[in-house]
Ligand code: MG
């Protein structure tokens, strides 16, 4: 398809409550949306790296500038025939997976829209609904957390994820495990620990956790392999898997037994598909994670999560979890499966059937750029 125009929007979406992790606290989710135009049609992609370079080295303002100055000009006016072709055209720009993902996801949604197919079908998925998990961030007190976990278990969520960081660690986990001895629970350490904390990791083996998500450095693979060899609990890599090559190295080194795939973090749907396939061949199950996207980005994650090797419940949330009103419509809602577990179901519409609401987009936009074949 010839890419006739690319619109880029840097947005700040107010959250219903601040999002706290090992990295700090965000009052608004900053995201970058791309509208790609071809053949009288347009579609939306999204990449949500957050406001500051704390989850990864990228940040929303930087992603916007890079898209406007370098990446979008390399595509506009060009005939981009596949996701691989798109990635090849951007390959001489090093790194910056979140920025590339904004364009890559928009290309896939546009290709599916032009083909009249739902995105998950175009990606090769055989199912249209998948389980999602429940997540809990750091709270002020353990007493505040416990009823929330109770509610999630009662609601039938197939797994519970707890953020884990110094000061919100073993006592919190002990309290949750004591109340829910059978629940599938895992913890996300967001790179907050080091190999020297081996004593702590050995104690965590007693909690029968499904996995430890990203215990060590955000760019480490070697120490994770050393740690995995010394503990029973599977390690899941998140921050460390930033490309297909990094996934290959992690598999080679046996750095993990699970991989979390976020389309933004790995550079878009094209590398996400390749990582999915590599892990499947290596016998490593995967699961899809989200950032704080609007319903556009969440729908893209949902489409990806329909693939076979995404066997562990995804981090995909209903719009109301984060936003009083989602930037995009329709808002994402969950449904409950016949077995009683909360699921996300893909819309039976071309592409993702979701786009920003024009007035809300205008209200929440921090910066906007339009590139056409003439302006590049
Ligand atoms: Mg994580």
Give me the residue from region 224-236 that is out of contact with any strand residue (DSSP E or B) (no Cβ under 6 Å at 6 or more places or on another chain) and not in a loop (DSSP other than H, G, I, E, B) and, out of that set, nearest to the ligand (Cβ to nearest atom). 227
Of 134, 112, which residue is more than 16 Å from the ligand (Cβ to nearest atom) and under 25 Å from residue 300 (Cβ atoms)? 112
How many residues of region 30-66 are under 20 Å from residue 163 (Cα atoms) and either modelled with pLDDT of 95 or more or surrounded by 23 or more Cβ atoms within 10 Å (Cβ to Cβ) (or both)? The answer is 4
Write out, first by first residue and then by second, each pair whose Cβ atoms fall under 9 Å of each other, whose residues are 6+ apart or on separate chains, and whose first residue, in region 187-203, is within 16 Å of the ligand (Cβ to nearest atom) while the second is modelled with pLDDT of 95 or more and part of a helix (DSSP H, G or I). 187/173; 187/204; 187/207; 193/200; 193/201
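Okay, residues lined up against (1) free of Cβ contacts under 8 Å to residues at least 12 places away in the same chain; (2) farther than 29 Å from residue 76 by Cα; (3) in a helix (DSSP H, G or I):
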position: 308; (1), (2), (3): no, yes, no
position: 312; (1), (2), (3): no, yes, no
position: 316; (1), (2), (3): no, yes, no
position: 324; (1), (2), (3): no, yes, no
position: 333; (1), (2), (3): no, yes, no
position: 343; (1), (2), (3): no, yes, no
position: 353; (1), (2), (3): no, no, no
position: 367; (1), (2), (3): no, no, no
position: 374; (1), (2), (3): yes, no, no
Output the residues belonging to region 270-305 that are under 24 Å from residue 356 (Cα atoms), at pLDDT 95 or above and out of contact with any strand residue (DSSP E or B) (no Cβ under 6 Å at 6 or more places or on another chain). 270, 298, 299, 300, 303
Are any residues in region 114-145 in a helix (DSSP H, G or I) and within 22 Å of the chain's Cα centre (by Cα), and if so, which ones? 119, 120, 121, 122
Only unsatisfied item for residue 177, checking (1) surrounded by 23 or more Cβ atoms within 10 Å (Cβ to Cβ); (2) under 23 Å from residue 213 (Cα atoms); (3) touching a helix residue (DSSP H, G or I) at 6+ places or on another chain (Cβ under 6 Å), is (1)
Qualifying helices (runs of 4 or more DSSP H) (wholly inside region 43-93; at least 1 residues being more than 26 Å from residue 303 (Cα to Cα)): 60-66, 72-75
Only one residue in 136, 157, 93 is crowded, with 16+ Cβ neighbours inside 10 Å and modelled with pLDDT of 95 or more, so which one is that? 157
Verdict on residue 162 being under 24 Å from residue 288 (Cα atoms), within 16 Å of the ligand (Cβ to nearest atom) and either modelled with pLDDT of 95 or more or in contact with a strand residue (DSSP E or B) (Cβ under 9 Å, 6 or more places away or on another chain) (or both): yes
Being over 28 Å from residue 338 (Cα atoms) and assigned to a helix (DSSP H, G or I), is that true of even one residue in region 146-168? no
Within 14 Å of the ligand (Cβ to nearest atom), in contact (Cβ under 8 Å) with a residue 12 or more places away in the chain, under 25 Å from residue 121 (Cα atoms) and crowded, with 24+ Cβ neighbours inside 10 Å: is that true of residue 296 in this structure? no
Residues of region 182-223 being in a helix (DSSP H, G or I) and either modelled with pLDDT under 95 or under 18 Å from residue 136 (Cβ atoms) (or both), in sequence order, are 204, 207
Looking at 275, 241, 284, can you tell me which residue is over 21 Å from residue 49 (Cα atoms), outside any strand (DSSP E or B) and in contact (Cβ under 8 Å) with a residue 12 or more places away in the chain? 284
Return a yes/no flag: does region 250-265 have any residue that is in contact (Cβ under 8 Å) with a residue 60 or more places away in the chain, under 29 Å from residue 108 (Cβ atoms), more than 16 Å from the ligand (Cβ to nearest atom) and in contact with a helix residue (DSSP H, G or I) (Cβ under 7 Å, 6 or more places away or on another chain). no
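Part of a loop (DSSP other than H, G, I, E, B) and modelled with pLDDT of 95 or more, is that true of residue 178? Show your work before the answer.
Values: part of a loop (DSSP other than H, G, I, E, B): no; modelled with pLDDT of 95 or more: yes.
It is false that residue 178 is part of a loop (DSSP other than H, G, I, E, B) and modelled with pLDDT of 95 or more.
The values are calculated or read from the model by the stated rules, or taken from the named source; none is laboratory data. Computed from a predicted structure; not experimentally measured. Don't worry about glycine lacking a Cβ; one is built from the backbone with ideal geometry, like all the others, and counts go over all protein chains shown.
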